[in-house]
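Peer 1: Structure provided below as structure tokens; questions to follow.
Taken together, the values in this text are just the output of simple stated rules run on the coordinates, not laboratory data. Note that the structure is predicted; figures quoted are calculated from it, not measured. Every residue, glycine among them, receives a Cβ derived from its backbone with ideal geometry; neighbour counts consider all protein chains shown.
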Amino acid sequence: MAKNSTKEKIKVSGNGTTIDGALKFNSGWDYSPAPESTGHIEIKEKYELFINGKFQKPVKGKYFPTHNPANEKKLSMIAEASVSDVDKAVKAARTAYNKVWSKIGLKERGKYIYRIARAMQEKAREFAVIETLDGGKAIRESRDIDIPLAAAHFFYYAGWADKLQYAFPGKDPQSLGVAGQIIPWNFPLLMAAWKIAPALAAGNTVIIKSAESTPLTLLKLAEVIQESGLPEGVVNIISGAGETGAAIVNHPDINKIAFTGSTGVGKIIQKAIAGTDKKVTLELGGKAANIIMDDAPIDQAVEGIINGIYFNQGHVCCAGSRLFVQEDVADLVIRKLKDRMETLIVGDPMDKNTDIGAINSKEQLNTINKYIKIGKSEGAGFYQSSCELPSKGYWCRPTLFLNVSQSHRISKEEIFGPVLAVQTFRTVEEVIEKANNTPYGLSAGVWTDKGAKIFNITSKLRAGVIWANTYNKFDPSSPFGGYKESGFGREGGLQGLGPYLNLK
Ligand code: NAP
Ligand code: MG
């Protein structure tokens, strides 16, 4: 697909030589490098905390570095918020809630959110480049998915700000107060948009913490918010690690916690707020089943499998990390899958041809490599694409494990990397049982020619989001969220607005 669309850029390479950042196909065809420029962005040497509409130094004066995982170079130093900084931010959010945001006209509220959405669109290229530099994802994804979707969430929720009584007919929707929000590193700006936009539209004020390895796009958002003239204290953006997150969770003057991250931390948060009147939504881990029936359009399904697990280096909570293929098409699907894996371009995330960028951090790469070792020692069939990897930075080749069984750890535990565990099945009943045999329940996919099979299977899968004949598709109007250990509550759509309101 990509080959055809950029035909004029491809050149034949005799021996397929590669240098760091250059791109290679094992077929001997190379793309010329097409790096996105960085001339239009500014990354400061040091960033402060965005509290009460101003950039403020952290009380304890501590800073931590953020790196580019594609070359291990330091990008900037970031303020680390302590308990005192969190307290300052919550006080600012409370004052802004009491004095301004809960009293402001609903149309005015909407106007500010629209203004932020438009500014995000105007600065989309800057956001995309910064997201890719800080997190390692391919520029094509941050440019075409993360940033447009983040802006779309602000546009979508801006529209609801003055229509809350229509959103919940027969109810009297009331805002909650101050929302404390904590996000992970896999979709930094998008996760922030999922949380900030509905909170503001519902009339709440916000304190949000970015993940330690990807703070930069939220700091850029802080600049956009400052320029938008949003009343000070309505959105407070802080940075730090787990302790900063815990300080938000434990602050007594927060009314609602919204968390996206691992199931382990989700459990800590739920324990911490038990017995308080804080509301909470938890968007946690996943181990999604992607199911290929024998009547599925195989080529499209193979694209769906690739998109399901290798998109964003597999750093996706809803990644289709367990592949179930009906036995009579298994050989064909695996052969086509391997062929397609060979064409995936792994390398410089800033190159517009790159499919798979850098693993977000050294720690995450270690985790992925640990699971690859486990999969091999468990006896699953191992296959990796043959691409070369740059010498600096954190990288993982697209990886397959074949003949996996239900008891293998690689089919049970979230790996959060480009590693697919393949199992086969014979009947619909068998695959439903196998797919549901997991503590998670975030997402799933089904590929078949028959609508009746889609309805049958999707009604029996215990997952919050199920795609049919597609995968990893998102829209601001569609709710997203899990069952079981994947958390509870929904983000997106009206279902994502409700948790920020008292609906009497
Ligand atoms: P994580 O370790 O749980 O961290 C998530 C966020 O929580 C980070 O900002 C982290 O700070 C902070 N944190 C760490 N310990 C904390 C504590 N004790 N109290 C409060 N906050 C704390 O998860 P991750 O490794 O960054 O992200 C990957 C996970 O997120 C995966 O399991 C994935 O499935 C899940 N995820 C779920 C969804 C969904 O919608 N369901 C979406 C995306 C990701 P630091 O980063 O500074 O440590
Ligand atoms: Mg970083």
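Peer 1: Sequence-distant or interchain residues sharing an amide H contact under 5 Å with N52, placed H: which?
Peer 2: Amide H neighbours of N52, under 5 Å, 5+ apart: G233.
Peer 1: Then there is this: Summing +1 for each Lys or Arg and -1 for each Asp or Glu, what net charge is found among the other residues whose Cβ lies under 14 Å from the Cβ of N469?
Peer 2: Numbers: positive: K450, K453, K473; negative: D295, D299, E303, D449.
Result for the neighbourhood of N469: -1.
Peer 1: So if I place +1 on the C-beta of Lys and Arg and -1 on the C-beta of Asp and Glu, and nothing else carries charge, what would the dipole magnitude of the chain be about its Cα centre? I want it in debye, nearest 20.
Peer 2: Working: 63 positive and 53 negative charges, 232 e Å.
In debye, rounded to 20, the chain gives about 1120.
Peer 1: Let me ask something additional. Return the subset of K46/K88; K57/K279; K137/K209 for which the Cα-Cα distance in this structure is over 23 Å, preserving the input order. Intermediate results must be reported in sequence, preceding the final value.
Peer 2: Numbers: K46/K88 20 Å; K57/K279 30 Å; K137/K209 20 Å.
Exceeds cut-off: K57/K279.
Peer 1: Arranged from highest to lowest average of other beta-carbon atoms within 10 Å per residue, in what order do the peptides 233-240, 85-92 appear? Let's see the in-between values first.
Peer 2: On the way: 233-240: 28.4, 85-92: 23.5.
So the order, starting with the most tightly packed, is 233-240, 85-92.
Peer 1: Oh, and also: Where does the chain land on Rg/Rh, using Cα atoms and the Kirkwood Rh?
Peer 2: With Rg and the Kirkwood Rh in hand, the quotient comes to 0.97.
Peer 1: Taking every DSSP beta bridge with both residues inside the chain, roughly what % is antiparallel (nearest 5)? Can you show the working numbers first?
Peer 2: Values: 24 of 65 bridges.
About 35 percent, rounded to the nearest 5.
Peer 1: Could you put H315, H251 in order, starting from the residue whose Cβ has the fewest other Cβ atoms within 10 Å?
Peer 2: Numbers: H315 22, H251 19.
Starting with the residue having the fewest Cβ neighbours, the order is H251, H315.
Peer 1: Turning to a different aspect of this structure: Name all residues of segment 273-297 having a backbone nitrogen under 14 Å from the label point set 7 Å from the Cα of L332 along its Cα→Cβ direction, giving them as ranges.
Peer 2: In segment 273-297, the label zone of L332 (backbone N under 14 Å from the point 7 Å along Cα→Cβ) covers 292-297.
Peer 1: With n ≥ 4 as the cut-off for DSSP H runs, can you work out [θ] at 222 nm for the chain, using -39500 (n - 2.57) per run divided by the number of residues, rounded to the nearest 500? Intermediate results must be reported in sequence, preceding the final value.
Peer 2: Working: 17 runs with 186 residues, N = 504.
The helix contribution divided over the chain gives -11000 deg cm²/dmol.
Peer 1: Give me S102, S210, S477 ranked fewest to most by other Cβ atoms within 10 Å of their Cβ, as a rough exposure proxy.
Peer 2: Details: S102 16, S210 30, S477 13.
So the residues, fewest neighbours to most, are S477, S102, S210.
Peer 1: Could you work out how much longer the chain between K57 and T95 gets when fully extended? Use 0.36 nm per residue separation minus the Cα distance between them, nm to one decimal.
Peer 2: Numbers: separation 38, 0.36 × 38 = 13.68 nm, distance 2.02 nm.
Contour length minus Cα-Cα distance gives 11.7 nm.
Peer 1: On a 0 to 90 degree scale, rounded to 10, what angle separates helix 83-96 from the longest Cα axis of the chain?
Peer 2: Around 60 degrees separate the two axes.
Peer 1: Let me ask something additional. What is the order of T448, T38, T427, fewest Cβ neighbours within 10 Å to most? All intermediate terms of the calculation are to be shown ahead of the outcome.
Peer 2: Values: T448 22, T38 14, T427 10.
In order of increasing Cβ crowding within 10 Å: T427, T38, T448.
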